[in-house]
Each structure stands twice: as C-alpha cells, then as structure tokens.
1. Rounded, prolate or oblate: pick one for segment 54-109, where a ≥ b ≥ c are the square roots of the eigenvalues of its C-alpha gyration tensor, a/c under 1.5 means rounded, and failing that, prolate if a/b is larger than b/c, else oblate.
2. Give me the dipole magnitude in Debye, nearest 20, for the chain about the Cα centre, with unit charges on the beta carbon: positive for Lys and Arg, negative for Asp and Glu.
3. In terms of solvent-accessible area of protein heavy atoms at a 1.4 angstrom probe, what is the ranking of D258, D3, D100, highest value first?
4. If one computes the Cα centroid of segment 173-234 and of segment 62-134, what distance in Å separates the two points?
5. I'd like to compare 43-50, 124-131, 182-189, 66-73: which one has the highest average count of other Cβ atoms within 10 Å, and what's the full order after that?
6. Using a ≥ b ≥ c from the Cα gyration tensor of segment 118-193 (square roots of the eigenvalues), is it rounded, prolate or oblate, where a/c under 1.5 gives rounded and otherwise the larger of a/b and b/c decides, a/b for prolate?
7. In degrees, nearest 10, range 0 to 90: what is the angle between the Cα axis of helix 2-30 and the longest Cα principal axis of the chain?
8. Could you compute how much accessible surface E9 exposes when probed at 1.4 Å, giving the result in Å² to the nearest 10?
Amino acid sequence: MNDFILNNEQTIRLGAFLGIFALIALWELASPRRQQSLSRLQRWTSNLGLVVLNTLLLRLLFPAAAVGMAAFAGTQGWGLLNYLAWPFWLQLLLSLILLDLVIYLQHVMVHAVPALWRLHRVHHADLEYDLTTGARFHPIEIILSMVIKIATIAALGPPVVAVVLFEVILNGMAMFNHGNIELPGPVDRILRRLIVTPDMHRVHHSVEVDETNSNFGFNLSLWDRLMGTYREQPRLGQLGMQIGIDSLRDPRITNRLDGMLRIPFIRTQDHYAINQHDWSNKPREGDT
C-alpha cells in the first residue's frame, strides 16, 4: 500500500482538493452565511494564485515532502510509533490526533511570536471569509510549516497512510471551516463538540484582538476547549462582526497577490501578538 500511496500521492490529494472545493463552493452559492461586498473573481484569483505559488515552491524545496519523510522514517525505524508494536488502527488514530495537536500548537505559536505573526497576517488580512481564505498563507510561513511537519513526522514515526489521510483531512477541513456556509444552529452545536465548524472558526478572523486570540483549531475542537482558547460567538454576532485586521483594510493590499506577498513587510500601527496585548478590559460573552 505504501508504494501505491507514494506513487499516487499528488493525484490523491489533488482529487480530494478539487472535489471538496467544488462541494463547498456550491454550498456557499446555495446557502451563504454572510453577504460579501468584494468581487469573488478578484479574491479567488489572488487567493488561489497564492496556493499555486506555494505548491510549486514546496515541490521545488521539498520534493518528497511530509509523505516522503514518513516513508523514510518507517524504513529507518525513526519515531515513537516505529518503536511500539501497537496495532495499525491505533497507530493511525494516534497519528491523526497528535498531528492535529501539533497544528493547533503551531497556530498558537504564529500568533504569539511577533515575527511569525507578521507572516500569519496574510491569512487574517482577507477582508472576506470563504473557502479560499483557508488556503492563503505567505510562502515563508508555508515553508516553516513544512519544516515543522517534517520534524514532527520524524519524531512521531506515523504510517505513510496516516500522513496522506491527515493532509487530505486538514485541507478539506480548512475549506469547510473557512466556508461562507450556513449550518442550522442545532447542527452547528452538535458538530462543534467534535470538529471546528465555520461559525466557530470565523470568530478567530474577527478584527477584535481578543476574538482573534481564540478558536485556533483547524480540525478537532477539543484543543481549544482543553487549552482555554474556546469562544462560542463573537460579541457582535456572526453577521455583525468585522473580518480581517484593523490596520490592513485596503483591498489593493489585502486581496491582490502582489499585496499579500508584501504584507509581512508593511509597518502598521498595530503589532498584535498574543503576548503583547491585555484583554482584561474586554468582556467575553456572558460577562457582566
């Protein structure tokens, strides 16, 4: 099976991406959560152009990528799971859960370290919120993310199939929970007990700093609940909240490819990072 996956990884991931993208895009057309004011053509061209650029860059710098490291670690006996004679299904489950935890911690890190936040602003600066927002990251952040992922795989030693499955799930969930789609309230409440829903993650894209400092998860909602970063709703509600970053409101910068690439190097008045702000005067929902 490993040989089949290694030989067809790109086809598997591309097919899953295109299928999920089409499904969420149609869902957004049929049942949008919020009305959007910016041109979808302009935003999608720029956001997806960044995806293409990042994909080519990763293929150039890391030809084998995460899956190649998983195969190499398996043949060399590297990583915790390669030392344990546990059933395959248990290794698969643990791999998916632990890789998701690393993604959560990495996300917190890029908010906590000022230099990394400057890179991550590219993701948050989108003035609208839809499935393409989930894929727009600065190339330097993408490279850093791949280095962290490769190091994690070397230390953990997950099965090759687990890495491919995780990549497919991560990409699919990023499109789902960034989707401009409306879920019935009861369905959202049930789903977010386990996974990150669009309404849950949208809070994280608020211009309000304390709301940005919440709901970091991409797949499992468990981590935000355990780490104390879970927030149920934005103060102004899902329809009243403002998306983006206060100091970056020019669409020529935030929603054009050349502008997005320059965002980390633009000096702004707000230098938000988790450890540089005090939210003690900003009440959370339910506070009096």
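1. Working: a/c = 2.61, a/b = 1.31, b/c = 1.98.
Oblate is the answer for segment 54-109, as a/c is 1.5 or above yet b/c matches or exceeds a/b.
2. 320 debye
3. Final ranking, largest accessible area leading: D3, D258, D100.
4. What the calculation gives is 19 Å, centre to centre.
5. Working: 43-50: 18.1, 124-131: 23.1, 182-189: 12.6, 66-73: 21.2.
Result, highest mean first: 124-131, 66-73, 43-50, 182-189.
6. Numbers: a/c = 2.84, a/b = 1.29, b/c = 2.20.
It comes out oblate by the Cα gyration axes.
7. Roughly 20 degrees, rounded to the nearest 10.
8. The value for E9 is about 10 Å².
The values are calculated or read from the model by the stated rules, or taken from the named source; none is laboratory data. This structure is a prediction, so every number in the text was calculated from the model and none was measured. Methodologically, a virtual Cβ is constructed for each residue, glycine included, from the backbone with ideal geometry; neighbour enumeration extends over all protein chains shown. Protein only, heavy atoms only, side chains kept; ligands, DNA and RNA dropped before computing areas. Shrake-Rupley method; radii C 1.70, N 1.55, O 1.52, S 1.80 Å.
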